[in-house]
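Take a look at the structure set out below.
The values are calculated or read from the model by the stated rules, or taken from the named source; none is laboratory data. Just so we're clear, the structure is a prediction, and the values are computed from it rather than from any experiment. With ideal geometry, Cβ positions are generated from the backbone for all residues, glycine too; neighbour counts draw on all protein chains shown. For the accessible areas, the whole protein counts, side chains as well, though only heavy atoms, and no ligand, DNA or RNA atoms are used. Shrake-Rupley method; radii C 1.70, N 1.55, O 1.52, S 1.80 Å.
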Amino acid sequence: MALLQLSEPGQSAAPHQHKLAAGIDLGTTNSLVASVRSAEAETLPDAEGRHRLPSVVRYLEDGVVVGHAAKAEAVSDPLNTIVSAKRLLGRGVEDIKSLGERLPYEFRQDHTAVPRIHTVGGDVTPVEVSAEILKTLTQQAEQTLGGELTGVVITVPAYFDDAQRQATKDAAKLAGLNVLRLLNEPTAAAVAYGLDSGSDGIHAIYDLGGGTFDISILRLNRGVFEVLSTGGDSALGGDDFDQVVAEWIMQQAGIQDDAGHAMLRRLMRDACAAKEALTESETAEIKLELDDGSHWDGSLSRETFNQLVEPLIRKTLGPCRRALRDAGLGADEIEDVVMVGGSTRVLRVREMVGEFFGAEPLTSIDPDRVVAVGAAIQADVLAGNKPDGEMLLLDVNPLSLGIETMGGLVEKIIPRNTTIPVARAQEFTTFKDGQTALAVHVLQGEREMVSDCRSLARFELRGIPPMVAGAAHIRVTFSVDADGLLHVEAEEKSSGVKTGIEVKPSYGLTDNEIEGMLRDSIDYAQKDLEARRLREEQVEAERVIEALQSALNSDGDRLLNAEERQQVETQLARLVEIARADDHIQIKREIEALEKVCEFYVERRMNASVTQAMSGHSVEEFE
């Protein structure tokens, strides 16, 4: 492989110091734990030899039951048995309403933002439910490995927001786990498939689980994964497939919408069983127990099932399309599509995804296990193990990396704690008309102002074609390789002119200095936010003032009469005065006021520009 394990001199792990670590796929429907044993990453079974643990927790008056035993009672005891808790992680009470009308739980109607589910064992949060699942997986791993885990890597959907990621960390902390890293599920899948050791190219990771959908477009370049784009839906998955099948059964069986919790659970159970059966068979027989003790018998064909779920599958293709557009790619540029998540077993999903990307999806690794396997490989390295041979290590940068923008502000491009190797890019533009050069100032730190961060390097991009301010598209790319080296490159897209520099971002900072910078970023967070808002509005005011003054010097006398010009210049002078103040709200108001006053002037300039452009040409030439 191209990626090597990193360690400080004299700190590499000795062979006899092998530490037990595990990768955990905390799933919506099922969860798994995996570890590297004898240089092979594999999922770990429970005492009965089962690898998948249902993500189900049942609360009793005197204890908690997790996994298969809890799932068996989900229908008979729906109010105390929590399933798909991952869908609730990091969500407020109001957010949960977006997940559907028929969540079979009793939510406490209190004034807290975190949803609490009422059970006979007490009111519990999704974080507490997830912690019980993590505890069970940890016990399963420690019993199999014969020792205590030193740390774990837990995977999360790439589309999880900060609140959902923090909720996952909180669950792990509550379970008593040392979390080495939260790893995005698409990256874990790519590692498991060995894409990191294959040829350079562009890969799509299509991850459809029980409750979440992710699409990630990754580029592998000399051993470095660059996430070109991500997308998805954190409330779309196999549960929704079950829901539409359950609604179909209700229509066929004449079941009313106000069915009780037990009936809803039976419907979802039988719908899921039918869905799974149709992966192997053309029809699925359904025998549903009704509330009065009788049964409804029916059958669901694969054709009907496909018609039911196709709208949901099409909903996943929208984010795929956007992810390709964000990455600036066409579907034909994708080399392969990795299928992740149990819901990708649905044949129609594979067919439609294959048609969309024009490539046969990769399905050789169990889609349920692939994420846990990748997490285990990551956990083994982060724990400090180094068996014979080279192994992948994705480290993190300790502080954010960014560049200086107008007004002495810092624009962060790679946030702190981002997994490396990594490459991130962002587009910038020129501030002044005719600007032919751009100064790039590379910075490290968490504060908002350049003066509060550490300068790493400076370089200039020259040869930018002269254009009006804001017309140039300058792409600045930060890439940190496996050795911790930062390479910064700036390129003007229309001309292709580029330049770059290589720096060592973390060298020269002690742990105490890093800790101090992080502490300052917290202590001064509110002050920095206010300072940034003020400078952003001041910079915008400077831009508007310079652009308007330039326009007035160019054609003000020709397009404005004396009274109109006086009106514009009076409002302009007011903005010049207010821009020196320290009230960002007032500056914004004055900018908007000036823009309103100048609307007629802008319109005349546009008309004059169009007239000049069409001079000497006929209308037909522009059709």
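Site pair Glu595 and Glu530 shows an inter-label distance of 2.6 nm when each label is modelled 7 Å from Cα along Cα→Cβ.
When Ile365, Ile464 are compared by accessible surface with a 1.4 Å probe, the order from highest to lowest is Ile365, Ile464. Of the listed residues Glu360, Glu502, the order by accessible area with a 1.4 Å probe, largest first, is Glu360, Glu502. Spin-label model, Arg322 to Ala581: label points 7 Å out along the Cα-to-beta-carbon direction sit 3.9 nm apart.
Once the C-beta distance of His18 and Ala47 is scaled by a Förster radius of 25 Å, the resulting FRET efficiency is 0.55 to the nearest 0.05. In this calculation the C-beta distance from Gln252 to Glu73 is compared with R0 = 25 Å, giving a FRET efficiency of 0.40. In order along the range 201-214, the Karplus-derived 3J(HN,Hα) couplings, from 6.51 cos²θ - 1.76 cosθ + 1.60 at θ = phi - 60°, round to x, 10, 10, 10, 10, 9, 10, 10, x, x, x, 9, 10, 10 Hz, and Gly and Pro are given as x. The figure for His487 is an accessible area of roughly 70 square angstrom, using a 1.4 Å probe on the protein chains alone.
Highest mean packing first, where packing is the average number of other Cβ atoms within 10 Å per residue, the peptides 141-147, 124-130, 588-594 line up as 124-130, 588-594, 141-147.
In this simple spin-label model, placing a label point 7 Å from the Cα along the Cα-to-Cβ direction at both Ala273 and Ala437 gives a separation of 7.6 nm. Between Asp123 and Asn178, the FRET efficiency from the beta-carbon distance, with R0 = 35 Å, is close to 0.80.
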